[in-house]
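A short write-up of the structure that comes next.
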Amino acid sequence: MNKKITLFVFLCLCGSSLFSTSVNRGESADPKVITLKEQEKSTRSVTIATVAAFLYNEAVMVTVGNYAGGVSILITGSGGMRQQSFNITNTGECVVDISTFGEGLYYIQVILESVNYEGYFEYRKL
């Protein structure tokens, strides 16, 4: 029992020191909103999907609501390219790792079955 308590205290101390290190480096956990514009819309969709994209330190998170079907995300720029797809039934999100990308301007396209959204964001490594 004492070994378990000692191990727990040790892990808590290590975890708190890692947290304080990341805070001291000035890294921000607040996401930056990526502005997306609707590009193509077919007349077959009655409901209006909500789509949002956020840039975190080394990832882009896309959230989709009020939608059922397939979603494709395409991110391209001078420092790399990623494509990812997922399915949702009402609300869902997908996180795309961009940690291997170089710094620069990137184009993002979110493709739903009835509408496309696109935008640009600037990626800078911390």
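Which of (1) under 17 Å from the mean Cα position of the chain (by Cα); (2) surrounded by 13 or more Cβ atoms within 10 Å (Cβ to Cβ) does residue 114 not meet, given it meets every other one?
(1)
Does residue 13 satisfy the criteria of being assigned to a helix (DSSP H, G or I), modelled with pLDDT under 95 and not aromatic (Phe, Trp, Tyr)? Spell out the reasoning first.
On the way: assigned to a helix (DSSP H, G or I): yes; modelled with pLDDT under 95: yes; not aromatic (Phe, Trp, Tyr): yes.
When the stated conditions are applied, residue 13 passes them.
Does any residue of segment 51-72 turn out to be in contact with a Leu (Cβ under 9 Å, 6 or more places away or on another chain) and at pLDDT below 55?
no
Residue by residue through segment 61-96, note down the ones that are exposed (fewer than 14 other Cβ atoms within 10 Å of the Cβ) and farther than 30 Å from residue 47 by Cα.
78, 81
Return yes or no: is residue 119 surrounded by 15 or more Cβ atoms within 10 Å (Cβ to Cβ), under 13 Å from the mean Cα position of the chain (by Cα) and over 15 Å from residue 59 (Cβ atoms)?
no
Looking at segment 58-123, what strands (runs of 3 or more DSSP E) fall wholly within it and have at least 1 residues that are without any contact (Cβ under 8 Å) to a residue 24 or more places away in the chain and charged (D, E, K, R)? Explain how you work it out, then say what you get.
On the way: elements: 59-65, 69-77, 80-88, 92-97, 104-111, 115-123.
Of the strands (runs of 3 or more DSSP E) lying wholly inside segment 58-123, those with at least 1 residues that are without any contact (Cβ under 8 Å) to a residue 24 or more places away in the chain and charged (D, E, K, R) span 80-88, 115-123.
The values are calculated or read from the model by the stated rules, or taken from the named source; none is laboratory data. Predicted model, so just to flag it, every value in this text is computed and none were measured. Quick reminder, even Gly has a Cβ in these numbers, built from the backbone with ideal geometry, and neighbours come from all protein chains shown.
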